[in-house]
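Taking it in order: structure first as structure tokens, then the write-up.
Please treat every number below as a calculation from the coordinates, not as lab data. Worth saying up front: this structure is predicted, and the values here are computed from it rather than measured.
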Amino acid sequence: MNLGQRNKISVTGNMSSMTDLVFLLLIFFIILSTLVSNGVNVELPQAKGTSSVTSKMTLSILPDGTYALNGGPVAYEDLESLLRIRMEEATNPVLYLQVDESVPTGKTVEVIGMAKANEWKIMLGAKPQQKD
């Protein structure tokens, strides 16, 4: 006569809810990473809380409308080719743009458009606000 148990109890846990959770987290982080990578690295001209700049390429637009790259004057006609060469040589290619407040917005937009067309990272700088 066979008196052994017919129904054996399984001690292992059910992993289906755990895999659902892992897949939901994976989808969340994939969506989050695409949003972060499409962000724009721009420092708004708010003077409070400005941070120090680590970029080695600074383009300044002076009040008279002339351009200076790292302190040296540059003609607008030569600007894009010179920036292209410098960006290819740089290890961390970020262009730091300093624009005087009296410069027309069109000149700033031209430089930003140039950076966008060449897929360069660009940051806009501001002066620290004077404390009263």
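Amide H contacts of VAL99 (H built 1.01 Å from N, in plane; Pro and chain starts excluded): ILE61, GLY125 sit under 5 Å, all sequence-distant by 5 or more or on other chains. 3J(HN,Hα) along the range 20-30: 4, 5, 5, 5, 5, 5, 4, 4, 4, 6, 5 Hz, from the Karplus curve 6.51 cos²θ - 1.76 cosθ + 1.60 with θ = phi - 60°, whole Hz, x for Gly and Pro.
For LYS116, list the aspartates and glutamates whose Cα falls under 19 Å from its own Cα; do not include residues on the same chain fewer than 8 positions away. Excluding near neighbours in sequence, the set is GLU43, GLU77, ASP78, GLU80, GLU88, GLU89. Net length available on complete extension from LYS107 to LEU32 is 23.6 nm, with 0.36 nm assigned per residue and the Cα-Cα distance removed.
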